[in-house]
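These notes concern the structure reproduced below.
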Amino acid sequence: MKFSSKSLLTALTAVTLMITAAALPPRALAANSRSVAAQWGLEVDTVALGDVHIAPEFRIAIYENLLQELTKTKQSRQVLRSGDRNADGIPDLLILKTTVESYTEGSETRRAVTTFGGATKLKVRSELCTRDGQIVVERELNGNVRFFGDNLRATHNLARNVAKAVKDSKLPEPRPSNS
């Protein structure tokens with residue numbers, strides 16, 4: 001049976017890659033594809049209202065959607081709720097603080113009838129802080145519903161924008177652990 005030098009080289013390369021991958025511990029392989037953010041834990045603080053009056057369901061919806069969207073990004077080792085006791089055991093923890101700066105109540109009926117009225121709009125200031133209060137990332141973000149969807153859809157859009165901002169942010173390297 002004859003082998004061409006090209007097919008022999010391809011087979012040898014594949015075998016070498018498999019042996020190298022088998023020799024490396026799984027963490028070494030995963031470390032190359034993981035971002036710096038994946039090394040941090042993330043605690044989502046309750047949503048502060050500032051000087052804005054919004055319905056309690058909007059405040060709760062913002063918080064729950066933030067938890068859901070931040071978990072989906074898989075950018076953090078863990079996403080925890082405010083006050084979670086497990087946060088004490090995480091050495092590299094970032095805290096997401098969200099303050100509602102403005103809110104415009106929309107009308108689903110007006111959105112359905114016209115294309116230019118009835119939009120629900122939310123604007124928040126989002127801060128990603130270390131445990132000691134140092135601000136790592138600070139952004140002003142929006143969420144809205146302009147055409148179709150219920151008013152609470154604005155909270156989902158806002159949470160998606162916050163999660164994208166966290167994902168796209170350049171975070172500092174966590175401190176090396178003493179273990």
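Here, each number is a calculation from the coordinates, and none is a lab measurement. Predicted model only: the values in this text are computed from it and were never measured. Positions of Cβ are backbone-derived with ideal geometry, glycine not excepted, and every protein chain shown enters the neighbour counts.
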Q: Return the long-range amide H neighbours of VAL136 (sequence gap of 5 or more, or a different chain), with a cut-off of under 5 Å between placed amide H atoms.
A: LEU128, CYS129, THR130
Q. Nearest 20 debye, what's the magnitude of the dipole of segment 60-142 about its Cα centre given +1 on Lys and Arg Cβ and -1 on Asp and Glu Cβ?
A. 220 debye
Q) Whole-Hz Karplus ³J(HN,Hα) for segment 86-98, in order, using 6.51 cos²θ - 1.76 cosθ + 1.60 and θ = phi - 60°, x for Gly and Pro? A) 5, 5, 5, x, 9, x, 10, 10, 10, 10, 8, 10, 10
Q. Among rounded, prolate and oblate, which fits segment 35-168 when a ≥ b ≥ c are the square roots of the eigenvalues of its C-alpha gyration tensor, a/c under 1.5 means rounded, and a/b larger than b/c means prolate?
A. prolate
(Q) If you filter segment 49-101 for trypsin sites (Lys or Arg not before Pro), then keep DSSP loop positions with at most 14 other Cβ within 10 Å, what is left? (A) LYS74
**Q.** Phi-based couplings in Hz for segment 51-65 (Karplus 6.51, -1.76, 1.60; Gly and Pro marked x)
**A.** 9, 9, 9, 10, 5, x, 5, 5, 4, 5, 5, 4, 4, 5, 5
Q.
For a test of the definition: using alpha carbon positions, the gyration tensor, and the 1.5 limit on a/c, classify segment 87-153 as rounded, prolate or oblate.
A. prolate
**Q.** Residues with amide H under 5 Å from that of SER102, placed H, sequence gap 5 or more
**A.** LYS123
Q. By counting other Cβ atoms within 10 Å of each Cβ, how are LEU80, LEU122 ranked from fewest to most?
A. LEU80, LEU122
Q: List every residue whose amide H lies under 5 Å from the amide H of GLY118, counting only residues 5 or more places away in sequence or on a different chain, with H placed 1.01 Å from N in the peptide plane.
A: SER107
